[in-house]
Amino acid sequence: MTGASAPNSTQFKGLTAAAFRRVMGSLPVGVTVVTARDPNGAPKGLTVSACSSVSMDPPLLLVCIDRRSSSLEAIKATRRFAVNILRAGQEALAARFASRSEDKFGGVPCLRGRLDVPLLEGTLAYAECELFRTIDAGDHTILIGLIIHGDTRDAVPLTYFRRQYGAWAATPPG
Ligand SMILES: Cc1cc2nc3c(=O)[nH]c(=O)nc-3n(C[C@H](O)[C@H](O)[C@H](O)COP(=O)(O)O)c2cc1C
């Protein structure tokens, strides 16, 4: 990992790391892979569950990225990224992009997006973004992206809850 070191957590009041993980891990979330290119054109990417829509007008989303992530510097430098929303069955992709492998993209089919950012093939949806704003918050940086283009397909989303992957299921009507 590269980039800035995390601030010394002892200077803050708050939950312990273990309690933080227990509490926030109780929020069921979707799973995304944030992709980008570094200034030399090499693909970069990491698994991210901290993703949310922010604004409709203009269309903004946010992702929270660990300040030690090697992908963060690439996004800050090129000011473009994509959010690939995974579908059920793509746990292996989530694990691969959560690893520290030097070759996360090897053998992973990708398309070239409109912003020249790699898009993972076969996902539930994607959003291509220009970097709109960055906000440092503790040991993470909030990246706000202006969504330039996106698309979806019919599929069941991959979910993550209490350190386990799952698949979203609709409550039957009635
Ligand atoms: C389900 C799941 C969700 C994750 N969510 C985030 C996240 O929201 N933000 C983040 O910075 N890292 C998150 N991670 C960890 C990163 O994917 C991991 O640290 C990755 O190795 C960073 O890669 P990089 O240093 O090449 O950018 C998550 C990992 C998993 C398995």
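None of the figures in this text is laboratory data; all of them are computed from the coordinates on show. What you see is a predicted model; the values in this text were computed from it and never measured. Because the Cβ atoms are built from the backbone with ideal geometry, glycine has one as well, and the counts that use them run over all protein chains shown.
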Figure the gain on full extension for residue 103 and residue 144 (residue separation times 0.36 nm, minus the Cα-Cα span) and round it to one decimal in nm. 12.1 nm
Using Cα positions and a limit of under 23 Å, work out the lysines in reach of residue 76, with same-chain residues fewer than 8 apart set aside. 44, 104
Mind listing which chymotrypsin sites (Phe, Trp or Tyr not before Pro) in the range 92-142 are in a DSSP loop and have 15 or fewer other Cβ atoms within 10 Å? none
Listing 149, 140 from the residue with the fewest other Cβ atoms within 10 Å to the one with the most, what is the order? 149, 140
Read phi for every residue in the range 66-71 and hand back ³J(HN,Hα) as whole Hz from Karplus 6.51 cos²θ - 1.76 cosθ + 1.60, θ = phi - 60°, with x for Gly and Pro. 4, 5, 8, 5, 6, 7
The range 11-65 - percent relative contact order, Cα under 8 Å, separation 6 or more: 22 percent
Please work out whether the range 29-92 counts as rounded, prolate or oblate from its C-alpha gyration tensor, where a ≥ b ≥ c are the square roots of the eigenvalues and a/c under 1.5 means rounded, while otherwise a/b larger than b/c means prolate and anything else oblate? oblate
Could you check the spin-label model distance between residue 42 and residue 20? Points 7 Å from the Cα along Cα→Cβ, value in nm. 2.9 nm
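How would the range 103-173 be classified by its alpha-carbon gyration tensor: rounded, prolate or oblate, with rounded meaning a/c under 1.5 and the a/b versus b/c comparison settling the rest?
Oblate is the answer for the range 103-173, as a/c is 1.5 or above yet b/c matches or exceeds a/b.
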Out of residues 5 or more away from residue 113 or on other chains, whose amide H comes under 5 Å of its own, with H placed 1.01 Å from N in the peptide plane? 119
If contacts are Cα pairs under 8 angstrom and at least 6 residues apart, what is the relative contact order of the chain in percent? 26 percent
Cα-centre dipole for the range 76-168 with unit charges at Cβ (Lys and Arg positive, Asp and Glu negative), debye to 20: 120 debye
Modelling each spin label as a point 7 Å along the Cα-to-Cβ direction, I'd like the residue 170/residue 121 distance in nm, to one decimal. 2.9 nm
Take the alpha carbon gyration tensor of the chain, find the square roots of its eigenvalues, order them as a ≥ b ≥ c, and report rounded if a/c is under 1.5; if not, report prolate when a/b exceeds b/c, else oblate. rounded
